[in-house]
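Here, each number is a calculation from the coordinates, and none is a lab measurement. Computed from a predicted model, the values in this text were never measured in an experiment. Note that each Cβ is placed from the backbone with ideal geometry, even for glycine, and that neighbours are counted across all protein chains shown.
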Amino acid sequence: MSGPEELTCRELVDLVTDYLDHRLALGRHVQVEQHLVLCTGCQRHLSQMHGTLRVLRAVPDDELQPETLGVLMEAFHDWRDAGEAT
Amino acid sequence: MDIATPSTPAAGRAEDRRLVEALRRGDEAAFASLIRAYGPTMLRVARGYVATRAVAEEVVQETWLGVLRGIDRFEGRSSLKTWVFRILVNRARTRGASEHRSMPFSSLVEAADEDGRVDPAAFIDASAGATWGGWWAAYPKSWDTVPEERLLGREMLAVASEAIEALPERQREVLVLRDVAGLSPQEVCTALGVTDGNQRVLLHRARGKVRRVLEAQLGETEAA
């Protein structure tokens, strides 16, 4: 089942980012999809990449300090009153 | 006024035009909503370049002042968000360079090096002439079955934060803008001034490293 024209798992994991971004050439993309259908290991690797992306998106951002917001709004008023706003 | 994520590029450009005109008119609510929408992510990006949170806040503050000074020159060739982040990255780089920042690394993160690639030992050695050379020696674990409250739990998020901080600067900036801030590949290239090819390689390495750190953490938790 593993011919020379087929991707190995080791090759596939190096293509995963481009695959998820739809940046592979069509033939390559199809090869990856065909491999994924048959390969439990690579399906699991892909589940780890999806999981990694979910974790990254969930990383909480810090809120700006209220003082920073205050300084910025004040700067905005100064900027507007100086007639820079049109 | 809320900053919605535009559903199409055309909708995004229209939304940008609306916001830019509001700013030029001196619409305070538009400015406040932009700060609320981008401020927290900007703070995270800035944190990657400078030593303290306080300095990062200053960088964010300087960026918005730069936005106000430059808003009349904004021509909409990139999205407003990309333009804001480009200013931010330039300020943060300058501040970071003047600080000569050195990062502390945790041992957990150091272990996941080698360009973030999957451990070669995970695959059957092809050089031995094995029929299955290059295939998984043992299947990795599926994360689809990891309960949501564990995968996205406080412990994993803390480890992910640490892993992000420990990335080399160029990998970190691409990963944060793409995967945390949600910019498109094109937006990241414009904001950072890197080529598309570079962006792809840096992102792949950075994601790989974070994945390995998370994998180690999940394994540890399971064994405990």
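For chain A, the relative contact order comes to 22 percent (Cα pairs under 8 Å, sequence separation of at least 6).
For the protein assembly as shown, taking a cut-off of 4.7 Å between Cβ atoms, the unpaired cysteines are A:9, B:189.
Under the Kirkwood approximation for Rh and a Cα-based Rg, what ratio Rg/Rh is obtained for the range A:9-81? Provide the component values of the computation, followed by the final result.
Numbers: Rg = 22.1 Å, Rh = 15.8 Å.
Reported Rg/Rh (Cα atoms, Kirkwood Rh): 1.40.
Calculated [222 nm] ellipticity per residue, helices only, for chain A: -23000 deg cm²/dmol; basis is -39500 (n - 2.57) per DSSP H run with n ≥ 4, divided by all residues, nearest 500. Relative contact order for the range B:131-224: 30 percent, from Cα pairs under 8 Å spaced at least 6 residues apart, divided by residue count. Coupling constants for the range B:76-91 follow from the phi torsions by the Karplus curve (6.51 cos²θ - 1.76 cosθ + 1.60, θ = phi - 60°), and in residue order they are x, 6, 10, 6, 4, 4, 4, 4, 4, 5, 5, 4, 4, 4, 4, 5 Hz; glycine and proline get x. Once divided by 2.2 N^0.38 Å, the Cα radius of gyration of the range B:107-223 becomes 1.20.
Using DSSP to define loop residues, name the chymotrypsin sites (Phe, Trp or Tyr not before Pro) in the range B:115-224 whose beta-carbon has at most 15 other beta-carbon atoms within 10 Å.
On the way: sites: B:123, B:132, B:135, B:136, B:143; in loops: B:132, B:135, B:143.
Filter output for the range B:115-224: B:132.
Put a plus charge on the Cβ of each Lys and Arg, a minus charge on the Cβ of each Asp and Glu, and nothing anywhere else: the dipole of the range B:107-223 about its Cα centre is then about 280 debye. Measure nothing fancy, just the Cα-based angle from helix B:53-70's long axis to the longest principal axis of chain B, in degrees from 0 to 90, nearest 10. Orientation of helix B:53-70: about 40 degrees from the principal axis. Relative to the longest principal axis of the Cα atoms of chain B, helix B:154-166 runs at roughly 80 degrees. Annotation: amide H-H contacts under 5 Å for residue B:123 (H modelled 1.01 Å from N, sequence separation of 5 or more, or interchain): B:137.
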